[in-house]
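Structure record follows, encoded as C-alpha cells.
The values are calculated or read from the model by the stated rules, or taken from the named source; none is laboratory data. Every value quoted in this text rests on a predicted model; they were computed, and no experiment measured them. Please note: Cβ atoms are built from the backbone with ideal geometry, for glycine as well, and neighbour counts cover all protein chains shown. What goes into the accessible areas is simple: the full protein's heavy atoms, side chains included, and nothing from ligands, DNA or RNA. Shrake-Rupley method; radii C 1.70, N 1.55, O 1.52, S 1.80 Å.
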Amino acid sequence: MSRRFTLEEAESLLPEIEKSIREAIASKSELEQAETALQAINQRVIMLGGVLVDRSAVYQNRLRRDQSAERLKAAIQKIQESGCLIKDLDVGLIDFPTLFRGDEVYLCWKLGEEGISFWHGTQEGFAGRKPIDAEFRAHHGGDAAN
C-alpha cells in the first residue's frame, strides 16, 4: 500500500520534490544529448565505413551519458521514496496519494505551480483535475487520519 498524504504534508514536501524533479529533468536532457552524440558518431562510422573515430569524444559522451543516467536514477528514486508518483517527468507532473471520502485519489501538482491546488481520481489523470475546495479539505486525509 502506498503512503497517503494530507494536503499539508504534500505541500511541505514540495520544495524537496521540486528540487529533485528539476534535477531529474536536467539529467534526462543531458543523457539524451550524450546519447544523440554517440549515435551520430556511430552513424558516421556506418556511413563512411571505418572512418577514424575520435575515441576521446566517444569516451566523454559515454561518461556523460552514464553519469547523467545515475543522477536521473537517484532523483527519481528520491521522489519515489517520499511516496509521490511521477506521472510525467517531461513536464514535472507529480501525484500524491490521499483519501477523499474513503476513496484513494491524488493530489496533483505540476512543476511551476505555486502549490497543490488540484486533485483527481486515480483513473482520471491530469485532464480530470478538480480544484481543491472546502468540501475536499473537510473530507480528505492521509495515513495519520486512518
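Roughly how big is the chain's charge dipole about its Cα centre, with Cβ charges of +1 (Lys, Arg) and -1 (Asp, Glu), in debye to the nearest 20?
640
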The answer for the per residue Cα convex hull volume of the range 98-145, in Å³, is 81
Of the candidates Pro131, Asn61, Gly121, the farthest towards the positive dipole end of the chain (Lys/Arg Cβ +1, Asp/Glu Cβ -1, centred on the Cα centre) is Asn61
Per the helix-only model, the chain has a calculated mean residue ellipticity at 222 nm (DSSP H runs of ≥4, -39500 (n - 2.57) each, divided over all residues, rounded to the nearest 500) of -18000 deg cm²/dmol
For the chain, longest principal axis from Cα atoms; helix 7-48 axis from its Cα atoms; angle between them, nearest 10 degrees, is 20
If the chain between Glu70 and Arg137 were fully extended at 0.36 nm per residue, the gain over the current Cα-Cα distance would be 20.3 nm
For the range 76-146, averaging the sequence separation of alpha carbon pairs under 8 Å that lie six or more residues apart and dividing by its residue count, the contact order in percent is 21
So the carbon and sulfur contribution to the accessible area of the chain, 1.4 Å probe, in percent, is 51
Computed over the Cα atoms of the range 1-103, the Rg and Dmax in Å are 19.4, 66
For Lys78, the lysines lying under 20 Å Cα to Cα, once residues fewer than eight places off in the same chain are dropped, come out as Lys19, Lys28, Lys87, Lys110
Note to self: with every protein chain in place and a 1.4 Å probe, the chain gives an accessible area per residue in Å² of 60
Restricting to Cα pairs under 8 Å and 6 or more apart, the percent relative contact order of the chain works out to 28
